[in-house]
Structure formats: structure tokens, C-alpha cells
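The values are calculated or read from the model by the stated rules, or taken from the named source; none is laboratory data. Because the structure is predicted, anything quoted here is derived from the model rather than measured. Cβ: placed from backbone, ideal geometry, glycine included. Neighbour counts: every protein chain shown.
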Amino acid sequence: MLIYLYFMYSGFICHNGKFLLSDENSLRHDNRAFCYGDALFETIHCLGTEPQFIDRHWRRLSYGMSVLKMNAGNDLTLEIIRNYIEKLLNKNRIFKGARLRLTVYRDQGGLYTPEKNSVSWMLEASALENEMYELNPKGLTIDIFNELYKPVNRLSNLKTNNALVYILAGLYRRDNSLDECIILNEYKRIAECISSNLFLVFEKEIITPPLSEGCISGIMREVIIEIASSSNFSIKECTILKKDLIEADEIFITNTIQGIRWIGAYGDRRYFNFVTRKLLAELNRKAFEN
């Protein structure tokens, strides 16, 4: 079993417990993540050398490995990952905010049918400009990506290395000078955004698509649902249609690296960020408490 921690831009990575320079080639040509997308990943926010919400990330990763029939054995545990995260951040001298990506992939062997289910892992780290979560000063402009729809199945909620729908949505975003795109599921209902989960605010009620609509089971999605529930908001998971975007008072999106970002415009519709600001303050309080 391999574990691979890697630094995306410069510095060191850690591959199976070994620290290497990030530009060293440590992967085989028949790596299954490269050949078949046979991999999962977690993107983790750190404060200092402390990974935020690491227990939740580990739970989601473990569930994904069970769905994909990967066998981590005793070489990949939460304590092992936590230990190497701290070592990697210290080795790269990243002592404030950090973005980490932990990739777990099935070991080489076989074509579509694997020869074994053991896994390897990799972690990369890069410094963030801000240690705390900060609200975007200008609201994001969004639109709906209609060129491809996301399937709804057992894999839909997992963070796998198969990201083609997000890549095409990202190209659509770039080509149309947008800040973000909404991705629809196969039933042409709203699922999520390119790298974030989506929330709509109607006065004191907040709604978000349920996992059954095909969205990623986001860690920050889970945290914000808890924060909203404890902040006297009514939070509901329900089907969201295009018309709901027009009727909402606010729209915000969430992910573990950027926290909460507010949407300023969808077509001719403009939005406020009153609820978003309140939730962000509670998120920072919760993050620093952890």
C-alpha cells in the first residue's frame, strides 16, 4: 500500500511516508489513477499545522474506499495521515493557512478489472493567503452549465479523480467570463457548482439539494447545515429548480478551502449577503475552536 502526500507548486511531497521534491517523478506509467481514474481525494483546510474537520474527511474517504472496494489495511489510518500532514507542513515551512490534497489510489495491476485492491496515497500542500475564512468582497456571477448533466448514482457523492463534468463546466465558466457555474443532474435539476455545494436563502429558511440529487457530499456543506440549524435558521434539503434561483433572497456556495462565498448575480437577478455574513462568522468561530 502506498501513501502519497505531495506539494502542488514547490517544496516537498510525501509518497508512502517518504518525502520527495515535488518535481521528482514518483509515479509509475501504469498508475491506475492516471489510466482509469481509479482514485479518491480529499481537499483539506489547515490552520497552522492542524487539519480542520479531519475526522469528517477521514469518514468520507473511508466510505468512498468501501464503495470502490479499496483495502487500506493498517498502512493508512487517520493517525498516520494526521502525523504526515504535520510533518509535511513543517518541512515546507507552511505555518498559517494551508490547502492539502490527499489522494488515495488503487495499486497498479490489471486493466479495467484490478488485480488487487490495496491502495497507495499521496498528500500535497500549498500555502493559503488567508488563515481565516474571508467573505468575497464582490458577489460572484453565476450561470447554469447546460452542455452536460451529472449522473445520479452511488458514485455521485464521492470525490473521485473522474472530474470531466467539472472540467467542461470550468471551461464554460472561463469562456463566458463567469465566476462559477451551476451543474445540473441527469433530471435537469440543480445539483451543485464546480467545486462547491449550493445553498439558497428564503428569509429564515435555507435550502440545499439533498445527496440524492447527485451532489458531492461536501464537508463544508455538512458543517454549514449544522451551523445554520444551531443559529435559528430552518434548514431543509430539497429539490431545487431553476426558478428557485430567481425567487431566493440570497445564494451562497461552500467548500472546505474558501468556506462560504456569496453569489451577487444570476442573469438579471441580484442578491444580498446578510445571512451569508452571519454564517461565516460562526464558521470562523467553530474552525478556531477546533
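Within segment 90-120, the set of residues being in contact with a helix residue (DSSP H, G or I) (Cβ under 8 Å, 6 or more places away or on another chain) and under 18 Å from Lys159 (Cβ atoms) comprises Leu100, Leu102, Thr103, Val104, Tyr105, Arg106, Val119.
Residue by residue, here is whether (1) β-branched (Val, Ile, Thr); (2) in contact with a Phe, Trp or Tyr (Cβ under 9 Å, 6 or more places away or on another chain); (3) buried (at least 21 other Cβ atoms within 10 Å of the Cβ) holds:
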| residue | (1), (2), (3) |
| --- | --- |
| Tyr63 | no, no, no |
| Leu89 | no, yes, yes |
| Arg99 | no, no, no |
| Val104 | yes, yes, yes |
| Thr113 | yes, no, no |
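If the condition is being over 14 Å from Leu198 (Cβ atoms), more than 21 Å from the chain's Cα centre (by Cα) and either polar (S, T, N, Q) or in a helix (DSSP H, G or I) (or both), then segment 215-244 contributes Ser229, Ser230, Ser231, Asn232, Ser234, Lys243. Out of all the residues in segment 121-144, is one or more within 19 Å of Ser22 (Cβ to Cβ), over 21 Å from the mean Cα position of the chain (by Cα) and either at pLDDT 95 or above or outside the structural domain of Phe252 (by TED's automatic domain parsing) (or both)? Checking segment 121-144: not a single residue is within 19 Å of Ser22 (Cβ to Cβ), over 21 Å from the mean Cα position of the chain (by Cα) and either at pLDDT 95 or above or outside the structural domain of Phe252 (by TED's automatic domain parsing) (or both).
In a residue-by-residue description of segment 189-203, the property of being free of Cβ contacts under 8 Å to residues at least 60 places away in the same chain, more than 22 Å from the chain's Cα centre (by Cα) and in the same structural domain as Leu171 (by TED's automatic domain parsing) applies to at least one position. Entry remark, segment 180-215: residues being among the charged types (D, E, K, R) and crowded, with 19+ Cβ neighbours inside 10 Å number 3 in total. Counting only residues that are modelled with pLDDT of 90 or more and in a loop (DSSP other than H, G, I, E, B), segment 18-61 holds 7 of them. Restricting to segment 225-256, count the residues that are among the hydrophobic types (A, V, I, L, M, F, W, C) and farther than 18 Å from Ile142 by Cβ. So the answer is 6. Of the listed requirements (1) outside any loop (DSSP other than H, G, I, E, B); (2) without any contact (Cβ under 8 Å) to a residue 24 or more places away in the chain; (3) within 21 Å of Ile263 (Cβ to Cβ), Thr141 misses just one: (2). Of the residues examined, Arg106 is one that is touching a Leu at 6+ places or on another chain (Cβ under 8 Å), touching a residue at least 12 places away in the same chain (Cβ under 8 Å) and basic (Lys, Arg). The residues of segment 37-61 that are closer than 25 Å to Gly109 by Cα and crowded, with 17+ Cβ neighbours inside 10 Å, listed by number, are Asp38, Ala39, Leu40, Phe41, Glu42, Leu61.
Say we look at segment 73-92 and pick out the residues that are without any contact (Cβ under 8 Å) to a residue 60 or more places away in the chain and outside any helix (DSSP H, G or I); which of these is farthest from Tyr133 (Cα to Cα)?
Asn74
Taking Arg99, is it assigned to a strand (DSSP E or B) and among the basic types (Lys, Arg)? Judged against the criteria, Arg99 is a match.
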